[in-house]
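Please read the structure below before turning to the comments.
The values are calculated or read from the model by the stated rules, or taken from the named source; none is laboratory data. In this text the structure is predicted, and so the values were computed from the model without any measurement. In this analysis, Cβ positions are derived from the backbone assuming ideal geometry, glycine residues included, and neighbour counts consider all displayed protein chains. What goes into the accessible areas is simple: the full protein's heavy atoms, side chains included, and nothing from ligands, DNA or RNA. Shrake-Rupley method; radii C 1.70, N 1.55, O 1.52, S 1.80 Å.
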Amino acid sequence: MTMKKIGFIGLGNMGTPMAQNLIKAGYHLQVYNRTISKADELEQGSISKCKTPADAAANVAFVVSMLSEDEIVKEATSGTDGLLRTLQKGGVHISMSTISPETSEELAKLHEQAGSTYIACPVFGRPEAAAAKKLFVCTSGNAKAKEAARPILEALGQSVTDFGEAVGAANVLKVTGNFMIIGALELMAEAFTLAEKNGLDRVQVADFFGSTLFNAPIFHNYGRLIANKQYQPVGFKAKLGYKDARLALKLSQASQTPMPLATLAHNRLLTAVAKGDGEQDWVQAFGKGVSDDAGV
């Protein structure tokens, strides 16, 4: 059991099913979450509840973090009770959050100074994909650490794809991919609403395109939700989508890459947050947002 004991930080909508899959794979988790009662959803014999991120990282070779925003990841890593206080020399921090490449680079330097290693391993997939072990895992950073972490990553997803040793590379990929999803949500919301206003059944329209011209998981899964105006249960909060849109705009500005669609999507999500819908699913921000604009 000692050989397979790892730290796990963050039991949100994604973190909880990921933790469950690690337990199924035989790992014992030293778990930290700000609301520790979330750990009650896990197999109690396979976890140790921890009071701080430092406790979760004590006496393990690997610690996984799945947290929502840059500042939260920083605090959990290098704060007063951060994991860097206890992560052993040669230990590996597997950061699976959607954060900026700059934050990953900053944290990687802090780990290097402490004698440990930070690798970026963001994922694509909603909570149901996490539960089914269908996540797409993307990695970047130290090659030796990534290879050592691979069994853990393979217990979480259907594929693991590497994007090199520049530690922020996988974060750039994740921001790029989330921007593409955001663009697809706006595209489908507008198209289905246009069809509805002109007398077509939006569900039939979504089914047709999802099985022909746009036969891909994003158009199947999100298309079904948008077409049916199905915004519950919340899988990914609009406020987190807004954070991702901000990350995309920040990258575009830093690299002088004009992204008009990113600006539109940013405003769509900002509108949802400003209206008090930040805790609702980001599908609602687009689906309901476009429908409301169109008066349907």
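Tabulated results
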{"quantity": "Residue with peak Gaussian network fluctuation, the chain [Cα springs, cutoff 10 Å], from S100, S37, S48", "calculated": "S37"}
{"quantity": "Accessible area expressed per residue, the range 80-125, with surrounding protein chains retained (probe 1.4 Å, Å²)", "calculated": "37"}
{"quantity": "Cα-centred dipole magnitude for the chain, charges only on beta-carbon of K, R (+1) and D, E (-1), debye, nearest 20", "calculated": "480"}
{"quantity": "Selected from G223, S48, Q284, residue furthest toward positive end of dipole (the chain; charges at beta carbon)", "calculated": "S48"}
{"quantity": "Highest average packing first - 144-151, 276-283, Cβ atoms within 10 Å", "calculated": "276-283, 144-151"}
{"quantity": "Computed magnitude of the charge dipole of the range 111-204 (debye, nearest 20; Cβ of K, R +1, Cβ of D, E -1)", "calculated": "180"}
{"quantity": "Charge sum, other residues only, whose C-beta stays under 15 Å from E106's C-beta, Lys/Arg counted +1 and Asp/Glu -1", "calculated": "-4"}
{"quantity": "Sequence-separation-based contact order of the range 1-117, relative, with Cα cut under 8 Å and 6+ spacing, percent", "calculated": "24"}
{"quantity": "Carbon plus sulfur fraction of accessible area for the chain, probe 1.4 Å, in percent", "calculated": "55"}
{"quantity": "Distance histogram in 5 Å bins (all Cα pairs of the range 83-224, percent per bin)", "calculated": "2, 10, 16, 17, 15, 11, 9, 7, 6, 4, 2, 1, 0"}
{"quantity": "Mean separation of Cα contacts under 8 Å (6+ apart) over length of the chain, as relative contact order %", "calculated": "13"}
{"quantity": "Per-residue [θ]222 nm for the chain (sum of -39500 (n - 2.57) over DSSP H runs n ≥ 4, rounded to 500)", "calculated": "-16000 deg cm²/dmol"}
{"quantity": "Segments 249-258, 13-22 sorted - mean Cβ within 10 Å per residue, highest first", "calculated": "13-22, 249-258"}
{"quantity": "Heavy-atom SASA rank of L173, L269, L194 (probe 1.4 Å, accessible area, largest first)", "calculated": "L194, L173, L269"}
{"quantity": "Among (1) 1.00; (2) 0.96; (3) 1.02, the entry that matches Rg/Rh (Cα atoms, Kirkwood Rh) as calculated here", "calculated": "(1)"}
{"quantity": "Candidate residues Y118, Y27: accessible-area rank, largest first, probe 1.4 Å", "calculated": "Y27, Y118"}
